[in-house]
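First up is the structure itself, then whatever we jot down about it.
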Amino acid sequence: MARITAGVGSSHVPLIGRAIDTGNTQDDYWKPLFDGYEFTRKWEEQEKPDVVILVYNDHASAFDMKMIPTFAIGTGEHFKPADEGFGPRPVPDVEGAPDLAWHIAQSVIQQDFDLTIVNEMDVDHGLTVPLSLMFGQPEKWPCKVIPLAVNVVVYPVPNGRRCFNLGRAIRNAVESFDEDLNVQIWGTGGMSHQLQGPRAGLINKEWDNAFLDRLADNPEELCNIPHVEYIREAGSEGIELVMWLIMRGALTDKVKELHKHYHVPASNTAVGHIVLESQF
């Protein structure tokens with residue numbers, strides 16, 4: 001059967017992609033951030049996942065105020081990098097995994113989660129930046145990817161408990177798929193940051209690191225964090241961290257923490273990164 005063997009949490013700051021695309025990763029400003037991903041790049045070369053379920057939020061590239069799905073799964077065969085105003089990033093197209101994606105949709109909907117099924121959409125930096133961080137600049141991404149877009153932009157947004165339980169439903173779905181696949185799930189976005197208003201530039205190192213410290217062994221505590229705490233402590237965009245709880249819920253109850261990294265700032269944003277391995 002297919003199994004979700006590991007989970008990765010990572011920020012998806014758009015300027016990280018710009019630094020990669022322009023060859024500036026070893027500049028004084030960027031080097032400490034990229035050094036924190038060196039472990040994962042080598043680890044991914046060894047793990048060789050067949051499929052990555054990549055949880056991210058769209059930034060008005062595939063969706064806008066005309067249509068705001070809470071959870072949307074990409075079931076297509078290919079997804080192109082989105083033009084976010086300066087042309088598409090110079091990265092490969094994303095190859096989907098439609099058979100597994102449709103199976104997940106069928107299973108998860110039967111477990112009472114309503115997913116929006118999307119056969120055609122472009123994917124923006126929320127998805128492509130994590131791929132670049134983990135896989136570098138290949139001519140072709142080394143695995144198939146199932147995009148799972150979560151609305152954390154326009155309220156109402158899903159709470160942490162709902163996201164964690166969706167992860168559990170995804171794990172059930174993957175384990176009932178009758179093909180032997182090494183599947184990973186990545187939760188992206190965050191950590192603390194606010195892009196507008198009087199608190200623009202807010203970063204809360206203490207709160208971020210407490211979140212990271214609890215993710216492996218105490219996710220139940222994180223599931224109970226209300227929206228108002230994310231906003232108060234981690235800024236208006238800190239709510240993106242609920243997507244990390246989808247990743248954690250999809251792993252086994254007991255996990256092994258392989259790597260953790262935290263860096264500030266990156267474009268006035270706190271960057272967090274963690275690698276968790278399922279324990280079967």
Sorting N159, A169, P90 by the position of each Cα along the dipole of the range 53-185 (Lys, Arg +1; Asp, Glu -1; all at Cβ), the one nearest the positive end of that ordering is N159
How compact and how long is the range 97-204, expressed as Rg and Dmax of its alpha-carbon atoms in Å?
-> 16.1, 52
The range 232-277: Rg/Rh from Cα coordinates, Kirkwood Rh?
-> 1.02
Net charge dipole size for the range 191-277 [Lys, Arg +1 and Asp, Glu -1 on Cβ; Debye, nearest 20] | 180 debye
With DNA, RNA and ligands ignored, accessible area of E45 (1.4 Å probe; Å², nearest 10) | 130 Å²
Quick one: work out the % antiparallel among DSSP beta bridges in the chain, nearest 5.
-> 50 percent
Accessible-area composition of the range 175-231, carbon plus sulfur, in percent [1.4 Å probe] | 48 percent
Any idea what the dipole of the chain comes to, in debye rounded to 20, about its Cα centre with Lys/Arg Cβ at +1 and Asp/Glu Cβ at -1?
-> 480 debye
Carbon and sulfur together cover what percent of the accessible area of the range 53-150 at a 1.4 Å probe radius?
-> 49 percent
Give, in whole angstrom and from largest to smallest, the semi-axes √(5λ) of the equivalent ellipsoid of the range 98-160, with λ running over the eigenvalues of the Cα gyration tensor.
-> 24, 17, 10
Alpha-carbon radius of gyration plus Dmax, which is the widest Cα pair, for the range 153-254 in Å | 14.7, 52
Quick one: Kirkwood hydrodynamic radius for the chain, alpha-carbon pairs, angstrom, one decimal?
-> 18.4 Å
So for the pair K140, D83, with labels modelled 7 Å out along Cα→Cβ, what separation do we get in nm?
-> 2.7 nm
Among the lysines, which have Cα under 18 Å from the Cα of K48 when same-chain residues fewer than 8 positions away are ignored?
-> K140, K144
The chain, accessible area per residue, ligands and nucleic acids excluded (1.4 Å, Å²) | 43 Å²
Kindly provide the pair-distance distribution of the range 69-112 built from C-alpha pairs, with 10 Å bins from 0 and whole-percent values in order of increasing distance.
-> 24, 39, 26, 10, 0
I231 accessible area, assembled protein chains, probe 1.4 Å, Å² | 60 Å²
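The values are calculated or read from the model by the stated rules, or taken from the named source; none is laboratory data. Nothing here was measured: the structure is a model prediction, and the numbers come from that model. Ideal geometry is used to build each Cβ from the backbone, glycine not excepted, and the neighbour counts take in all protein chains shown. Remember, those area values only see protein heavy atoms, side chains included, never the ligands or the DNA or RNA. Shrake-Rupley method; radii C 1.70, N 1.55, O 1.52, S 1.80 Å.
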